[in-house]
Each structure stands twice: as C-alpha cells, then as structure tokens.
Amino acid sequence: MPVVELMAGDNPPLTVTSHTHVVGHPDGSRIIGHGRLHGVNVAAGSHDVLLDGFTVIGSDVRGTHGIRAEGATRLTIRDVTVRDCASYGIGLQGRAPFRAVTLERVEVYRTGRDGLDVKNDSGMNRHCVMREVLVRDHGLAEDQCAALDIRGRWTLTGIRVETVGQPGRPDLVGIRFRRDGISPDGSRNGSANWSILNGYIVRCTGAGAKRAVVVEPSVTGFPAPKVAVSGGKVFG
C-alpha cells in the first residue's frame, strides 16, 4: 500500500483514493480545510485506505466536513483528531455501502452540525465498527444535531460524548440511531437496524440528559430501528 507521509505542521486539503495509507509526521501533522474543500475527502468507492495519526481542522464554509467518504471498503481511521468544522466532523454518507470500516481512537471537537454522521441503509453495511470515539461540543451552528447520528448498521464500543444539551440548547442529542424510511425517489434511506451500542458515557448539561441516547424513526409511520444498547452511563 503506497504511503503518503504528511509534513510536520500544516498540510493542504487532501483527496485520497484506493490503496493509500496517510500517516502523520512524528512531530505532529495538521490537514487544514479551506473554502469549499473538506479536510480529507475519500473518493467514492475507495478501498484499502488507512488514515493514521494526524489532526484535521475543518473549513469555516457551511457544508464542508473534516473527513468525508462516500462508500468505502476496508477504510480505517485511527488515532485521528478532527476539530472546528462548519458542518460534520466526519461524514460517512451516500448510497454506496461501507464494508470493513473501522474508526478507532478518534476525537472530534467543536462541530457546526453532527460530530459523526453516517447515512446509508443497514442492509448495505458489513463489519463496520467504532471503538474509543470521543465527541465534545457539537451542534454549534444548527439545531437538532447529534454527537453521533447513525443511519446504517454499526457496532459502537467505548463511546464518550460531552456537553450535550448546553444551557438553552435542549434540542441536542448524544447518540442517535434512526430510520428515515423512504426517500422522495422511492429508495430506502438510512436504517440503523441491528446496530449495537455497548459501553458509553454521555456527560450532559441542561436538559440534555433526557436525550443522551435516542432510538427513533425520522419519518412518521415508520418503526424505530432495532438497536441493542447496553453498558452505558449518563451524567448530568
């Protein structure tokens, strides 16, 4: 697998394709998003991609994310920090499937919208895992945001969310699993069916404790997804 070694200090936005290992410099590397560019864009349908050991600072333009991928196979994001993004910290989205995807020891700070947003149908995903993920201070620019917004089948362990439901912001959600039902073009969109959440801590302020973990449909008339939730603690 070809290795892309980032420079110490600041690096420009990066588009990653298949068979690529992006590794941070031992002295610390930052990828800086700007304009309408995501910090890291994983090209649609890429496979065998490893993002390892660096920081992403997002653009301040609405609609841009720290890391964006649209369908991927054998994608690993490990020991990565994402912060100060106008929209999502990490957005794994689109109709293409995610298979053998791992997020491990990932931290996300200060996002305008969701900390991590996953959108696709549960039946398309295989072996998708998040381990030891921290999200702190999300939804700074929009209402009804979640630290982790899960649509699609995932297994989550060791999840931490902090400052949910800031004073005057009871709309914010910690970890949300949902089923969107049928999109306007008739396609299926976003069921978190058969996801697993095992081991989590959510620290809340204000009214946020009531929305620490939410399993819900997003469309009236559709049932909530089937999600196994265990081993959690909520403070606040």
Ignoring trypsin sites (Lys or Arg not before Pro) buried by more than 13 other Cβ within 10 Å or outside DSSP loops, the longest site-free run in the chain is 63-236
What does the charge count near V23 come to, summing +1 for each Lys or Arg and -1 for each Asp or Glu among other residues with Cβ under 11 Å from its Cβ? -2
Which residues' amide hydrogens lie under 5 Å from the amide hydrogen of L50, considering only partners 5 or more residues apart or on another chain, with H built in the peptide plane? T20, H21, V22, T76
Let me have the relative contact order for segment 1-153, percent, based on Cα pairs under 8 Å that are six or more residues apart. 16 percent
The chain, Gaussian network, Cα under 10 Å: of G66, G152, G45, the residue fluctuating most is G45
Potential lengthening between R126 and T157 on full extension [0.36 nm per residue; Cα-Cα distance subtracted]: 9.5 nm
For a Förster distance of 25 Å, can you work out the FRET efficiency between the beta-carbons of D10 and I196, rounded to the nearest 0.05? 0.05
Could you give the nm distance between label points at D171 and A228, where each point is 7 Å from its Cα heading toward the beta carbon? 3.5 nm
Rank these for me by crowding, L50, L148, going from fewest to most other beta carbons within 10 Å. L50, L148
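One-quarter of the Cα convex hull surface for the chain, in nm²?
For the chain, the mean projected area of the Cα convex hull comes to 12.0 nm².
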Per-residue Cβ contact counts at 10 Å, fewest first, order M7, M130, M1 as M1, M7, M130
Spacing of the two label points (7 Å from each Cα toward its C-beta) at E216 and V23, in nm: 4.4 nm
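Values in this text are rule-based calculations from the coordinates and carry no lab data. For clarity, every value in this text was computed on a predicted model and none was experimentally measured. For neighbour counting, all protein chains shown are included, and Cβ atoms are generated from backbone atoms with ideal geometry for every residue, glycine included.
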